[in-house]
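This report refers to the structure that appears directly beneath it.
Please treat every number below as a calculation from the coordinates, not as lab data. Quantities reported herein were computed from a predicted structural model and do not represent experimental measurements. When we count neighbours, we look across all protein chains shown, and the Cβ atoms used for this are built from the backbone with ideal geometry, even at glycine.
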Amino acid sequence: MAANPDAVKVFAPAKINLFLHVGNKRDDGYHALESLVVFADVGDELLIEPAKAFSLALDGPFGGKLVEEQDNLIAKAARALGAKAGRSPDVKITLTKNLPVASGIGGGSADAAATLRGLAQFWGLKIPHAEMNAIAETLGSDVPACLLSETLWMTGRGEGIEPVTGIPPAPMVLVNPGVAVSTAQIFTNLKNRVGLGQAAKPKADLSVLALADYFKSNRNDLENPAREIAPAIDEVLRAISHRGALRTRMSGSGATCFGLFVDDRSAEAAAAKISEDHPRWWVKKARIQ
Ligand code: C5P
């Protein structure tokens, strides 16, 4: 086993569903999905340091939102990996929460996955990926995808993962109106859907314009039920579109939406304008990693 480093820093990138099609509800209560998932160059940051007992410190713009919820996914991930490694999770984890909470871009799942990656490095563990994946699955449907944190094709309830190539490092603007939505509630409200087997993987390396075109053949099935619960999503989609996006869509179960932009400059300009028009919204220029 490698010696413990003094501290480990881990990046927990935002997860974005370029499209999300929902199939039938399965016997275990989860819905079967098909989704093209990418990761952004914006996200939360974790710092893992030695300690006598487990503790979680929160900072960053959204750290305050998690204060009431100490037993969050980071603590669960640390305990689960500790159990696997036969040790107590005696570390201090500082989470810099840059991403809005319960917002459809993975936040909690990305943090849990980053905890698994970071602690494995901190403890010098050599756990096969399949076993890490099995732990990730117990923490949430998006955690296996976030463990990989690379462009991927998602199936099953989220555990079916296949890396995908051909998606360009496209400029984006992410916008959240500050309305937290419950994933479970959005799935309950779902009526019409595209369903499975309708979407195709990209066949070649796509330009940003070709990616915009690709969006014509798919959608986010959770967008309509989310718009019913959080009408602010309509306003967000309109605002991004109004500022020149090639395409706009909601990610995951919302309420964060993204716009795809032709280049970084137009994405930056759009982000600045949307922030100016809506000072209470979370607005971030990003790029697919
Ligand atoms: O797995 P996770 O905790 O993210 O799921 C939250 C809720 O979202 C589940 O309890 C379920 O109601 C719903 N869900 C679903 N099908 C999925 C993923 C989530 O119905 N594939």
Reachable lysines, given that their alpha-carbon falls under 27 Å from the alpha-carbon of LYS97 and they are not under 8 places away in the same chain:
LYS9, LYS15, LYS52, LYS65, LYS76, LYS84, LYS273, LYS284, LYS285
Given the -39500 (n - 2.57) contribution per DSSP H run of 4+ residues, what per-residue ellipticity at 222 nm results for the chain, rounded to the nearest 500 deg cm²/dmol?
-9500 deg cm²/dmol
Kirkwood Rh in Å, taken over the stretch 1-57 so that all alpha-carbon pairs contribute:
15.1
In 5 Å bins starting at zero, report the fraction of Cα pairs in the stretch 190-289 per bin as a rounded %.
2, 12, 21, 23, 20, 14, 7, 2, 0
For the chain, modelled as a GNM with alpha-carbon contacts under 10 angstrom, which of PRO13, PRO171, PRO100 fluctuates the most?
PRO171
How high is the relative contact order of the chain? Use alpha-carbon pairs under 8 Å, at least six apart in sequence, and give a whole percent.
23
Semi-axes of the equivalent ellipsoid for the stretch 1-140, Cα gyration tensor, largest first, Å
26, 19, 14
Arrange the peptides 133-144, 108-119, 175-186 so that the one whose residues have, on average, the most other Cβ atoms within 10 Å appears first.
108-119, 133-144, 175-186
Under a GNM of the chain (C-alpha, springs under 10 Å), which listed residue has the highest mean-square fluctuation: ALA226, ALA170, ALA53?
ALA53
Compute the acute angle (0 to 90°) between the alpha-carbon long axis of helix 107-122 and the principal axis of greatest extent of the alpha-carbon atoms of the chain; round to the nearest 10°.
40
For a quick protection proxy, order the peptides 206-219, 250-263 by their average other-Cβ count within 10 Å, most packed first.
250-263, 206-219
Principal axes first, then extents: for the Cα atoms of the chain, list largest minus smallest coordinate on each axis, whole Å, largest first.
52, 43, 36
Candidates LYS76, LYS273, LYS203: whichever shows maximal mean-square fluctuation once the chain is modelled as a Gaussian network with Cα springs under 10 Å:
LYS203
Potential extension, ASN189-ASP59 segment - 0.36 nm per residue separation minus Cα distance:
43.4 nm
